[in-house]
1. How many of the residues in the stretch B:85-100 are in contact (Cβ under 8 Å) with a residue 24 or more places away in the chain and either away from chain A (no Cβ under 13 Å) or not aliphatic (A, V, I, L, M) (or both)?
2. Right, residue B:66: in contact with a His (Cβ under 8 Å, 6 or more places away or on another chain), among the aliphatic types (A, V, I, L, M) and farther than 24 Å from residue A:40 by Cβ or not?
3. Look through the stretch A:16-67, keep the residues that are of a type in the set (S, T, N, Q) and closer than 16 Å to residue A:3 by Cα, and return whichever of them is modelled with the highest pLDDT.
4. So which strands (runs of 3 or more DSSP E) stay within the stretch A:1-58 end to end and still have 3 or more residues that are of a type outside the set (Lys, Arg)?
5. Pick from the stretch B:39-55 the residues that are outside any strand (DSSP E or B) and within 14 Å of another protein chain (Cβ to nearest Cβ): which of them is farthest from the chain's Cα centre (by Cα)?
6. For the stretch A:3-21, check the following and say yes or no: at least one residue is under 13 Å from residue A:113 (Cβ atoms), of a type in the set (A, V, I, L, M, F, W, C), within 12 Å of chain B (Cβ to nearest Cβ) and in contact (Cβ under 8 Å) with a residue 24 or more places away in the chain.
7. Is it the case that residue A:110 is over 15 Å from the mean Cα position of the chain (by Cα) and in contact (Cβ under 8 Å) with a residue 12 or more places away in the chain?
8. Run down B:5, B:15, B:20 and say which single residue is in contact (Cβ under 8 Å) with a residue 40 or more places away in the chain, within 13 Å of chain A (Cβ to nearest Cβ) and farther than 29 Å from residue A:10 by Cα.
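The values are calculated or read from the model by the stated rules, or taken from the named source; none is laboratory data. In this text, all values refer to a predicted model and were calculated from it rather than measured experimentally. Because the Cβ atoms are built from the backbone with ideal geometry, glycine has one as well, and the counts that use them run over all protein chains shown.
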Amino acid sequence: AQSVAQPEDQVNVAEGNPLTVKCTYSVSGNPYLFWYVQYPNRGLQFLLKYITGDNLVKGSYGFEAEFNKSQTSFHLKKPSALVSDSALYFCAVREYGGSQGNLIFGKGTKLSVKP
Amino acid sequence: NAGVTQTPKFQVLKTGQSMTLQCAQDMNHEYMSWYRQDPGMGLRLIHYSVGAGITDQGEVPNGYNVSRSTTEDFPLRLLSAAPSQTSVYFCASNPKYMGTDTQYFGPGTRLTVL
């Protein structure tokens, strides 16, 4: 069965410092991986996705994510955090070619960026 | 395009009442789904549809019904509301059931059951 783990409930970062939000996944085949962001009282917004090719994926708002097949990880990164990046971040996976097309979401990581 | 729209934004029900959460998309997407979001639980799939006339259960379907008579609309019905159904509900759509497509989310409905 597919699954996604976000090991940190909360990540605290000072503004201007680099940030990392961790995600690991489990699928039996090749994965499609996604990151979404949710600002307070809003729906989920798409940030980026990994389908195939370059392991470093660039997305919206200066975010990027690195796919590591050997470690089954897809960590979200940003070189310099902004206070406005404070939000809830979700990692999700869909199995390539599998019978299940639904996205499986992690439990979310709350990012708090302090001035 | 309006994208994915949901109504109402907020709703308070009494235990035992029924209601329908509305969801519509104007992107001609085949796939639509309903999630509930609870603190510390992430998003859990309630029901989904791979096309008009086709629906299936997700992870937490009990207490909810869905139908998909048109490509655009995918309402979620609570038959007899319970306090355990207090949650934020999100509708989502993407072009196809499988593959590389990005899933698009509505703004959510915040439901409280007293």
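1. First pass over the stretch B:85-100, keeping only residues in contact (Cβ under 8 Å) with a residue 24 or more places away in the chain: B:85-97.
If we keep only those that are either away from chain A (no Cβ under 13 Å) or not aliphatic (A, V, I, L, M) (or both) too, we end up with B:85-87, B:89-91, B:93-97.
The qualifying residues number 11.
2. On the way: in contact with a His (Cβ under 8 Å, 6 or more places away or on another chain): yes; among the aliphatic types (A, V, I, L, M): yes; farther than 24 Å from residue A:40 by Cβ: yes.
Yes; evaluated as a whole, the condition is true for this residue.
3. Narrowing the stretch A:16-67 to residues of a type in the set (S, T, N, Q): A:17, A:20, A:24, A:26, A:28, A:30, A:38, A:41, A:45, A:52, A:55, A:60.
Then keep just the ones that are closer than 16 Å to residue A:3 by Cα; that gives A:24, A:26, A:28, A:30.
Working: A:24: 97, A:26: 92, A:28: 81, A:30: 81.
Checking each candidate, the answer is A:24.
4. Numbers: elements: A:3-5, A:10-14, A:19-21, A:24-26, A:31-38, A:44-50, A:56-58.
The strands (runs of 3 or more DSSP E) meeting that bar are A:3-5, A:10-14, A:19-21, A:24-26, A:31-38, A:44-50.
5. First pass over the stretch B:39-55, keeping only residues outside any strand (DSSP E or B): B:39-41, B:52-53.
Of the ones still in play, those that are also within 14 Å of another protein chain (Cβ to nearest Cβ) are B:39-41.
On the way: B:39: 18, B:40: 19, B:41: 17 Å.
So the residue we want is B:40.
6. Narrowing the stretch A:3-21 to residues under 13 Å from residue A:113 (Cβ atoms): A:10-21.
Applying the additional criterion that residues be of a type in the set (A, V, I, L, M, F, W, C) yields A:11, A:13-14, A:19, A:21.
This time we only want the ones that are within 12 Å of chain B (Cβ to nearest Cβ), so: none.
No, every residue in the stretch A:3-21 fails to be under 13 Å from residue A:113 (Cβ atoms), of a type in the set (A, V, I, L, M, F, W, C), within 12 Å of chain B (Cβ to nearest Cβ) and in contact (Cβ under 8 Å) with a residue 24 or more places away in the chain.
7. When the stated conditions are applied, residue A:110 does not pass them.
8. Values: B:15 fails: within 13 Å of chain A (Cβ to nearest Cβ); B:20 fails: within 13 Å of chain A (Cβ to nearest Cβ).
On inspection, the qualifying residue turns out to be B:5.
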